[in-house]
1. Along the three principal axes, how long is region 5-156 when you take its alpha carbons, biggest first, rounded to the nearest angstrom?
2. Above 16 angstrom, tally the Cα pairs of region 64-132 and express them as a % of all pairs, no decimals.
3. Divide the volume of the convex hull of the Cα atoms of region 160-208 by its number of residues and quote the answer in cubic angstrom per residue.
4. Counting other beta carbons within 10 Å of each Cβ, put His38, His75 in order, fewest first.
5. Could you please rank Ser30, Ser176, placing first whichever residue has the fewest other Cβ atoms within 10 Å of its Cβ?
6. Can you give me the long-range amide H partners of Gly22? Hydrogens built in the peptide plane at 1.01 Å from N, cutoff under 5 Å, separation of 5 or more residues or another chain.
7. Give the distance, in whole Å, between the Cα centre of region 114-149 and the Cα centre of region 1-58.
Amino acid sequence: MLQQPQGQEDLQWLAALPALAGVMVAKVESAAALRAVHAQLPAAALLPLIESAAGWSALSEIAAVGGVLRLVVGHIDFMADTGMQCAQDEAELMPLRFAVAMATRLQRLATAVDGVTVAIQDDERLRQDTRRALRLGFGAKLCIHPRQVDIVHEVLAPTAAEMDRARRVIAADAASQGAAVQVDGRMVDLPVVLQARRLLARGERVHCA
């Protein structure tokens, strides 16, 4: 699509916008195509949508392109491209989401964005989908309807109890000067401290959104 005349017209229009912060690039299937976008929009953060088998195959190269801020899962188009038919829990798409999570980590990108929940009126399904994204290390989720936004924010935000424990973990670690210590009867070492810091950072991001 990026090589089509309509795609080039879109890029020229975007390049003329003042103070463009970021662009979500649909159906990215190669690093070369994304590099062409970056060349025309060098100051914009890029969020490439992985929506096809070709995009999945080139995922590591796409993630490494300059200007990429975070990866985005476009699983509805991915299913259409591959002919996949998923159950409600979308377990069939776990390899795609896992690959996106790993590419995100390897390239030190901002946390990935999960795809939409098409069941607009099913709040519990939306909550379950958002919790799954969190478990995989994703930090955001696309919404297909405005009514979904508050629920996604609610699930992404750590609870007050989780925030309190994370603060106590960090405080205990600082007091112990890096030695192993217990909080609430559980051992605290560096991996636990890192998880606590990530949780606090997530809480700050969600509350600032």
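1. Extents along the principal axes: 41, 31, 30 Å.
2. Details: 1230 of 2346 pairs.
The share of Cα pairs beyond 16 Å in region 64-132 comes to 52 percent.
3. On the way: hull volume 3.0 nm³, N = 49.
In region 160-208, the Cα convex hull volume per residue is 61 Å³.
4. On the way: His38 18, His75 22.
Arranged by neighbour count, lowest to highest, His38, His75 become His38, His75.
5. Working: Ser30 16, Ser176 13.
Listing Ser30, Ser176 from fewest to most nearby Cβ atoms yields Ser176, Ser30.
6. Close amide H contacts, sequence-distant or interchain: Ala45.
7. Value for the Cα centre distance between the two parts: 24 Å.
Just so you know, all these numbers are worked out from the coordinates, no wet-lab data involved. Keep in mind the model is a prediction, meaning the values are calculated, not measured. When we count neighbours, we look across all protein chains shown, and the Cβ atoms used for this are built from the backbone with ideal geometry, even at glycine.
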